[in-house]
Structures are given as C-alpha cells and as structure tokens.
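The values are calculated or read from the model by the stated rules, or taken from the named source; none is laboratory data. Note that the structure is a prediction, hence the values are computed from the model and not measured. Reconstructed Cβ throughout: ideal geometry from the backbone, glycine too, with neighbour counts over all protein chains shown. Please note that ligands, DNA and RNA were not included when accessible areas were found on the heavy atoms of the full protein model with its side chains. Shrake-Rupley method; radii C 1.70, N 1.55, O 1.52, S 1.80 Å.
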Amino acid sequence: MPESVRDSPEFAEHLADLEARLVVLPAGRREAVPAAVEAASAAGARLVVPDGDKNVAPLLLALLRAGRRRPPVSVLLMRTTLPGGPERATAGMVVKPPLTWLLARLPGVRMRFLTDAFGVVVRRRGFPGVLPVRDPVTVPDGIPAPRASGGPFRLGVFGVVTARKNVPLLLEALAELPTVQLVVAGRCDPAVAAALAESSLVGRLEVDDRLLAEKEFDAAVAGVDAVAVMHDNDAPSGIVAEAAARGVPVLGPARGWASSMVTGTGIGEVADLGAPDPVGEVRAALTRLIDSRERRVAATRRAATRLGVQDFVSGMLGDVT
C-alpha cells in the first residue's frame, strides 16, 4: 500500500490492528501495480486488488509482463458505470469494459464487481460474465429497538458529506416541516459546511463535522428515525445498507442504485430529484416515510437477514475457512 494510505485516519480507524506484514508501494500507479505483482509472486500469495477500477490497465500490463511468474489475482471493480447514466461521463468509462474483458480472461485472474449488500443488482451492462459480490455489511449484535415515536422526527445524513448528497435540498425541504430535525455526522466538504452554517433550521440542526469512529457511527445511526441518501447514483450505497443493518429506514432518490436498494427491499421511500419541484418531492416522500415508519422499520429487519460478509469473502477468495 502507498504510505499515504498507511498514514491515513481511515487506516488508523479500521486497519491499525491488522496482523500482517505491510509492504509499502511506490506512490505512482505505474510503479505501484508492478511492485505489488512482484511482491505477491515472491511471497507465493494471492494478490487482491480491492479497488480495481483505475488499476485495470496497469494490472493487465504488469501481469502480461510477469508471464509465468504472475501470482493468482482477485480484482474488485467498485464502479461499473457507463456513459449515459447519472454520473459524469469520462474516458475511463469507455475503455474500462474492454480492458476488463481482457484482464478477466488471463489464467489465474478472478474478476468481480461490487454489488449492493442486499444482492438486488446481479449483473452490469457492459461487463458480461463478471460476477457480483455483495458489499460486506455486518449486522451489529442486538439491533436496538426503534426510537419511541411522539417526539421530533430525526433525519440523518452520514458518511463523507459532499455536495452530491444534496444537503441544501434537504435543508430547504425541512424548512416547512417543523417537526423534523436534521442530523449531519461525518466529514463535510467546505460548500456543505457553509450551507449548514447558513441554515435557518434554528434548534433543529445538529452537525458533527469529522470522521466518526465505528462506535460513534453506530450510535449516530441508531439515534435517528431515518437516514437520507439524496443523490442519484450508479454504484451501491453502503449507507443504505448500514442503515438497514441498524433497523433504520431510508429516504432515497427515485433513480439509481440506491433507489433499487430502497424499493427492492421496501425499507423506505424515494423522491424524484429530477422533478420540476424536487423540494416538494423530498417533502412529500419524507411525509410518507413518517406515516409508514413502523412498516418500514419492519422491512429493515427482514432486509438485514440478507446482509453479511461471507458472499464477499467467497467471491473474492473462493471457499476459505
């Protein structure tokens, strides 16, 4: 791994207790990927590339150059977006499918794409033959009982809070829903932080602008009545699954992968963000969610039975004990 990863707050939070030999790779992708192939080959180990999207081309080249010395490789495509979807089109979207096709056909290469934690999406256009592995989301021991109804309805936004999460849209929608509070917990982009600072939701807004530890994240999600994921996307949403794992319904978009997760499991309501009046759409969807909260909570309990890590482990590594 690059030194920047080893020294990051995310590594300290999630991987600091990992009992393994760490190999520091060169910073550049062109140098790092061949070095990783060589290190795995020398150790007689499988090379696992958990974020393979930008590594497809250098990995294909490195494995071809390694010839018979190449190690077995598992590659995970985190994003399988193609032009024409909600994401901004890039050159990488065009070249990745044919390069993936070539890489997947090298002997010893196991190619997978990351699907949602519920397994709603099982194939991706443009990537024929690439099998899915479910996003590994575990259910905490003892899902807490839902918050008692009767008080203010608490809506949460979690994770890395970028402009794509449409926080200003939520703020505007909640302005006319005085019984709803908004909780924002996670590192906020400067533009998001500025919008929150200028919000008119006096007394109804809580902001914790920092990277949350795992226990803090658990407590934050368990402390709201619903989680908002307010952006169309073409990739699986971990926050949607994490909310369901904790018995919390979701307010999602009417299009994209997050929408498929919400509607495919019944764990929440969706709003059409592309409508002429997206603020009204969000307000109406949230009102429906408040009215159907008990039914949506029950759906999260059913959906949580589909979560776990075994599908991911066996898909990436094969049958292991």
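Applying the Karplus relation 6.51 cos²θ - 1.76 cosθ + 1.60 with θ = phi - 60° to segment 39-54 yields 3J(HN,Hα) values of 5, 5, 5, 5, 8, x, 10, 6, 8, 10, 10, x, 9, x, 3, 8 Hz, where x marks Gly and Pro.
Computed on protein heavy atoms with a 1.4 Å probe, the accessible areas place Thr90, Thr305, Thr138 in the order Thr305, Thr138, Thr90, largest first. Between amide H atoms placed 1.01 Å from N, distances below 5 Å from Ala226 occur with Arg154, Gly156, all of them 5 or more places distant or on a separate chain. Largest mean-square fluctuation among Leu171, Leu22, Leu182, in a Gaussian network model of the chain whose springs join Cα atoms under 10 Å apart, belongs to Leu22. Counting only residues 5 or more places away or on other chains, whose amide H sits under 5 Å from the amide H of Val207 once H atoms are built in the peptide plane? Amide H neighbours of Val207, under 5 Å, 5+ apart: Val184. When all alpha carbon pairs of segment 156-304 are counted in 5 Å bins from zero, the resulting P(r) reads 2, 11, 21, 24, 24, 15, 4, 1 %.
Of all DSSP bridge pairs formed entirely within the chain, close to 5 percent run antiparallel.
Counting other Cβ atoms within 10 Å of each Cβ, which GluC sites (Glu not before Pro) in segment 176-208 have at most 15 and sit in a DSSP loop?
Glu176, Glu198
With the Cα gyration tensor of segment 20-99 giving a ≥ b ≥ c as the square roots of its eigenvalues, does the rule (a/c under 1.5 for rounded; else a/b larger than b/c for prolate; else oblate) give rounded, prolate or oblate? Prolate shape, in that a/c is at least 1.5 and a/b is the bigger ratio. Seen against the Cα atoms of the chain and their longest principal axis, helix 278-291 is set at about 80 degrees.
Using the Cβ-Cβ distance between Ala66 and Val160 with R0 = 41 Å, the FRET efficiency computed as 1/(1 + (r/R0)^6) comes to roughly 0.70.
Comparing Thr179, Thr300, Thr115 in a Gaussian network model of the chain where C-alpha atoms under 10 Å apart are linked, the largest mean-square fluctuation is found at Thr179.
Each Lys and Arg contributes +1 and each Asp and Glu -1, all at the Cβ; summed about the Cα centre of the chain, the dipole is approximately 1460 debye.
Calculate, for segment 28-84, the solvent-accessible area per residue in square angstrom, rolling a 1.4 angstrom probe over the heavy atoms of the protein chains.
53 Å²
Measuring nothing but protein heavy atoms, the accessible surface of the chain at 1.4 Å probe radius is 55 percent carbon and sulfur.
The alpha carbon radius of gyration of segment 215-291, expressed as a multiple of 2.2 N^0.38 Å, is 1.04. Once the Cβ-Cβ distance of Ala191 and Ser41 is raised to the sixth power relative to R0 = 56 Å, the FRET efficiency obtained is 0.80. To the nearest ten degrees, helix 56-66 and the longest principal axis of the Cα atoms of the chain are 20 degrees apart.
Checking the a/c ratio against 1.5 first, then a/b against b/c, what shape does the Cα gyration tensor give for segment 41-139? Here segment 41-139 falls in the oblate category.
Across segment 301-315, coupling constants 3J(HN,Hα) worked out from phi with the 6.51/-1.76/1.60 Karplus curve, θ = phi - 60°, read 5, 5, 5, 5, 5, 8, 8, x, 10, 5, 4, 5, 5, 5, x Hz, and Gly and Pro carry x.
Considering all C-alpha pairs of the chain, those separated by over 36 Å amount to 24%.
Using the Karplus relation 6.51 cos²θ - 1.76 cosθ + 1.60 with θ = phi - 60°, the per-residue 3J(HN,Hα) values for segment 205-217 come to 10, 10, 10, 10, 8, 5, 6, 8, 5, 4, 5, 5, 4 Hz, with x marking Gly and Pro.
Only one residue of Leu106, Val184, Gly315 has its Cα farthest out toward the positive end of the dipole of the chain, where Lys and Arg carry +1 and Asp and Glu -1 on Cβ, and that residue is Leu106.
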